[in-house]
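Readers should treat all values here as calculations from the given coordinates under stated rules, not as data from a laboratory. In this text, all values refer to a predicted model and were calculated from it rather than measured experimentally. No Cβ is skipped: glycine too gets one built from the backbone with ideal geometry, and neighbour counts run over all protein chains shown.
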Amino acid sequence: MHDITLIQGILLVVLAIIVGLDAWLEGFFIFRPIIVSTVVGFILGDVKLGIICGGLTELAFAGLTPAGGTQPPNPVLAGIMTPVLAYTAGVDEKTAIGLALPFSFLMQYILLFYYSSFSVFMVKADKYAKEANTGAFARLNILMLIIVAATNGLVVFLSAYVAQTPMRNLVESMPEWLTHGFGVAGGILPAVGFALLLRVMMKKELVPFFIVGFVFASFIPYSNLLPVAVIGAALALYDYFNNQKKQTFAPSTPDGGVDYSDGI
Amino acid sequence: MTESKRVLTKKDITKLAFRSLFLQASFNYERMQAGGWLWSMLPALKKIHKDDKKALSESMEDNLEFINTHPNLVGFLMGLLLSLEENKEDRNLIKSLKVALFAPLAGIGDAIFWFTILPIVAGISASFAMQGSIVGPLIFLAVYIGIFVLRIVWTHMGYELGTNAVEKIKTSSQSISKSASILGSTVIGGLIAAYVHITVLSEVKINKEHAVNLQTDFFDKVFPNILPLGFTLLMFYFLKKKKASPVLLIAVTFGIAILFSALGVL
């Protein structure tokens, strides 16, 4: 049983901000528990405890990936809270992983909320793009990074230093419909993004290909879209060769190309 | 002739590889990585378009459309598209190529990095760490720093590929542009099926023993993913015909999701 000093609390916050940003960006992968817990061990003065917690937590989290769009329990909070709980409560490392899970879930819910609500910033982004206002556009991105960094710091400060028990109670009291609702929203929101994409890209003559892609992906559920792209590439090549053939026989427009705007 | 158009140096491309770190800076469910994608490329785009505000704004708008690809491989796509942008290729061609390529690249990246490298590296380094050995975290760190440095390689590769193909693309620009839109449209269709998830949980009770699950017994039997397609087209309709603002659509979608979750429908 140990207490965490204010200095240690502050160092944990600094760590949380750095690795929290790394996790958001998926940059250097220093956000994985095996690295985070080790550093926490350094901060708490028990490196070995940190490394062991890191190894165990990393294994527990290796299968939980954000690939395919589902957000797993947050690895940063797991990496920080597992050694913190093992250190402060004196429980063994495996028990600490379980005790750290509510904190992981809390951060996961917060990030899900950000993933949904940050969509709103895109309206501002569109405006800056239209005005070619590069400075404001950069600041908008930085603002979001600051929100994420500050949130990581704050949650870790509260969870590790100020109020472990109330934080855990908070997660346990969260209604299921709300947390589930964030997930549902995350599943539907890409529809708006695709609708915007369709607005700029879709032309009548492209609709058949759109349908082929949709039907193919629906009936051959596969973990990635490579097969769809291959079908698309085949159709594109077919069209390309047809055009080349036409070009050799038909008189071409002065600039050497065929004008499709007339419709063929 | 081609050389004269080059404004980006090798150094710019290397810098781009490092800036690709920002890909997910403004990640959100509506546009996913679009904001960070544009932010990463902004210095290069500014250098290409210089004082041409109109061209820069067009390019920024195009690059702010939905994109979701793999952070470790994104440099390849950035390099490739910037080489076309640098040659002032047709905007539609660049846009279509982007749409056509980002999703397959994401699939390849997920398979390599999340499903192959991470489990292997995590497994090996964790086995050291669980015995309390610092070797575990160090192996992990070394591998991932290596993977990050490789971003420089992918980015240069994409840029070179694009630059070398540019002459070929120029001569049959319109055929290629049309082919690219075909590929892009096919992939968008697939994207909707893969990324938009709507699962109805409601059941209709017929009698005491039997209930019809709306999703598995009805929608999935009628046509898989009919709801995601329907909702996307509905959003498309509101955007195009009703000129609805995206922010309103996002807010309404979010509200519907929470409400229907509370009612137990979704």
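Things worth noting here:
- Nearest-0.05 FRET efficiency for A:Ala149 and B:Phe223, computed from C-beta distance (R0 56 Å): 0.80
- Extension gain for the segment B:Lys5 to B:Val252, taken as residue separation times 0.36 nm less the Cα-Cα distance, is 84.3 nm to one decimal.
- The amide H of B:Asn213, built 1.01 Å from its N in the peptide plane, has B:Val204 as neighbours under 5 Å, considering only residues 5 or more places off or on other chains.
- About the centre of its Cα atoms, region A:30-145 shows a dipole size close to 360 debye [charges on the beta carbon of Lys, Arg (+1) and Asp, Glu (-1) only; nearest 20 debye].
- The modelled label-to-label distance for the pair A:Lys127/B:Ile117, using points 7 Å beyond Cα in the direction of Cβ, is 3.9 nm.
- The alpha carbons of the protein assembly as shown give a radius of gyration and a Dmax of 24.7, 87 Å, in that order.
- About the Cα centre, charge dipole magnitude for chain B (Lys/Arg +1, Asp/Glu -1 at Cβ), debye: 680 debye
- Across A:Lys130/B:Lys53; B:Lys98/B:Lys178; A:Lys130/B:Lys15; A:Lys204/A:Lys245; B:Lys88/B:Lys243; B:Lys10/B:Lys98, pairs whose alpha-carbon gap is larger than 20 Å: A:Lys130/B:Lys15; A:Lys204/A:Lys245; B:Lys88/B:Lys243; B:Lys10/B:Lys98
- Helix-only CD estimate at 222 nm, as mean residue ellipticity for chain A, using -39500 (n - 2.57) per DSSP H run (n ≥ 4): -24000 deg cm²/dmol
- Taking 20 Å as the straight-line reach from the Cα of B:Lys205, the lysines in range (excluding those fewer than 8 positions away in the same chain) are B:Lys221.
- Think of the protein assembly as shown as having a plus end and a minus end, set by charges on the Cβ of Lys, Arg, Asp and Glu; of B:Leu8, A:Val155, B:Pro246, B:Leu8 sits farthest toward the positive end of this dipole.
- Placing unit charges on the Cβ atoms of the charged side chains and taking the dipole of the protein assembly as shown about its Cα centre, the candidate lying farthest along the positive direction among A:Phe137, A:Ser37, A:Pro221 is A:Phe137.
- Helical content alone sets the calculated 222 nm signal of chain B at -22000 deg cm²/dmol, taking -39,500 (n - 2.57) per DSSP H segment of four or more residues and averaging over every residue.
- Residue exposure proxy: A:Met144, A:Met107, ordered by other Cβ atoms within 10 angstrom of their Cβ from fewest to most, comes out as A:Met144, A:Met107.
- Shape category assigned to chain B from the gyration tensor of Cα positions, a/c cut at 1.5: oblate
- Cα-projected label distance for B:Glu167 with A:Met174, points at 7 Å along beta-carbon direction, nm: 5.8 nm
- Size of electric dipole in region B:1-150: Cβ of Lys, Arg +1 and of Asp, Glu -1, about Cα centre, debye, nearest 20: 420 debye
- Of B:Pro71, B:Tyr237, B:Phe140, farthest towards positive along the dipole that unit charges on Lys, Arg, Asp, Glu beta carbons give chain B: B:Tyr237
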